[in-house]
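Data block below; observations after.
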Amino acid sequence: MMKIGGHGIGRGHRPFIIAEMSGNHNQSLDRAIEIVDRAAATGAQAIKLQTYTADTMTIDHDKGEFFIADKASLWAGTSLYKLYQQAYTPWEWQKTLFERARQHGMVCLSTPFDDTAVDFLESLDAPCYKIASFENTDIPLIRRVAATGKPVIISTGMATVAELDETVRAAREAGCKDLILLKCTSTYPATPENTNLATIPHLRALFGCEVGLSDHTMGIGVSVAGVALGATVIEKHFTLRRADGGVDSAFSMEPEEMSQLVVETERAWQALGQIEYGPLEAEKKSLQFRRSLYVVKDIAAGGTLTRDNVRAIRPGLGLAPKYIDQILGSRVTVAAKRGTPVSWDLFR
């Protein structure tokens, strides 16, 4: 059985909820610590960081493809380098954040973006690793992470089946035994129409691993539906207040929403159960309130059963309604008062 920080991962366990801090700390360590505290209070099992610097992500250049010109982007009007300068989580904070999470009994994990980040996270005894969608084709990075022998979580955003096959093979060949793929749509925010949750069971069947959801939609409905389709891990961006701003705040959950997500995804998981027919133990008392055949007008001994004096009503202590045509026209051998359940004994 796969475990991350003592938490079982799989369909026999409640969904593993990851609160993604990303850059929502707004370059304040105090705020980052508060985000960990508030995430723990929601019941989420994990808080996730990102481990990179602007220099490990890109180069300091603001022309051409290094500048975000798309006006529809949340980050329009800045260069990649400046965006990552704003969004990155200082490495000197991360030991403090790992320890704070552990104090809450919470898992702290991170997304590395290069080998130096993996080396650093190994020094913090990271319990597992997350590969972001934009790095899911970075085979050398995936091999480096897999070689730690720790569980690896990989977002599948934008990847073709062929690319995912290469990624999964690389991870397994490099030593990854515990793999989780997260269905992901790499738009910010994502829409339900572009989420395609039907892919979740297909991913599980195709790659024979645990499957979850990295959910960039607003609200909790998509995540709850994901659990119903077999997602065992849910990742959602998390902030204290969207109104505070920040690089990812627009599509991040607030604490009250995350608390609701934890509760409702667990309910969805509990509701899945197993294939079951017939009355459950909890339903057996309700059987008495089914419809059945009852005498609704007094009948003297020797009287005839008609639609006027016998009806299918509640409760369910008489013969089943399917016998109505069989008994109509029959004579009773004993008197039957109104409210008597019809039984075969009336005809003896």
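Quick notes
- The antiparallel fraction among DSSP beta bridges confined to the chain stands at about 25%.
- Positive-end ranking of Phe98, Gly303, Phe207 along the dipole of the chain, with charges on Cβ about the Cα centre, is headed by Gly303.
- Lysines with Cα under 28 Å of Lys95, excluding same-chain neighbours fewer than 8 positions away: Lys3, Lys48, Lys82, Lys130, Lys150, Lys177, Lys236
- Within the accessible surface of segment 1-50, defined with a 1.4 Å probe on protein heavy atoms only, the carbon and sulfur portion equals 43 percent.
- Where labels lie 7 Å past Cα in the beta-carbon direction, separation of His61 and Leu206 in nm: 3.3
- Rounded to two decimals, the Cα-based Rg/Rh of segment 115-185, with Kirkwood Rh, is 0.94.
- Dipole in debye (nearest 20) - the chain, about Cα centre, beta carbon charges: Lys, Arg +1; Asp, Glu -1: 2680
- Base-10 log of normalised Debye intensity for segment 202-245 (one unit scatterer per alpha-carbon) at q = 0.13, 0.26, 0.27 Å⁻¹: -0.36, -0.93, -0.97
- For Thr160 and Ala271, a Förster radius of 22 Å and the Cβ-Cβ distance give a FRET efficiency of 0.10, rounded to the nearest 0.05.
- The length gained by stretching the chain between Thr116 and Thr304 to full extension, at 0.36 nm per residue less their Cα-Cα distance, is 58.5 nm.
- All-pairs alpha carbon distance profile, segment 78-164, 5 Å steps from 0, percent: 3, 13, 22, 21, 20, 13, 6, 2, 0
- Estimated translational diffusion coefficient (Stokes-Einstein, Kirkwood radius over Cα pairs, 20 °C, 1.002 mPa s) of segment 50-113: 160 µm² per second.
- Average Cα contact separation per residue, the chain, under 8 Å, 6 or more apart, as relative contact order %: 15
- Whether segment 86-227 is rounded, prolate or oblate, judged on the alpha carbon gyration tensor where a/c under 1.5 counts as rounded: oblate
- The Cα atoms of segment 273-348 cover 52, 22, 20 Å along the three principal axes, with the biggest extent listed first.
- Using a Förster distance of 30 Å, the FRET efficiency for Leu74-Ser259 (Cβ separation, nearest 0.05): 0.75
- Angstrom value of the Kirkwood radius, inverse mean 1/r, which spans all Cα pairs in segment 207-348: 20.1
- Applying 0.36 nm per residue to the separation of Asn194 and Ser286 and subtracting their alpha-carbon distance, the gain on full extension is 28.9 nm.
- Note on the chain: along the principal axes its Cα atoms extend 101, 45, 41 Å, ordered by decreasing extent.
- Per residue, the accessible area of the chain comes to 49 Å², computed with a 1.4 Å probe over protein heavy atoms only.
- Bins of 10 Å from zero: percent of alpha-carbon pairs in segment 1-159: 10, 36, 37, 14, 2, 0
- On the basis of the beta-carbon distance and an R0 of 51 Å, His104 and Arg314 show a calculated FRET efficiency of 0.50.
- Near Ile131, the amide H atoms lying under 5 Å from its own belong to Ile153, Ile154, Ser155; only residues 5 or more places off or on other chains count, and H is placed 1.01 Å from N.
The values are calculated or read from the model by the stated rules, or taken from the named source; none is laboratory data. None of these values were measured; they are calculated from a predicted model. Backbone-built Cβ (ideal geometry, glycine too); neighbour counts: all protein chains shown. Note: areas computed on protein heavy atoms with side chains; ligands, DNA, RNA excluded. Shrake-Rupley method; radii C 1.70, N 1.55, O 1.52, S 1.80 Å.
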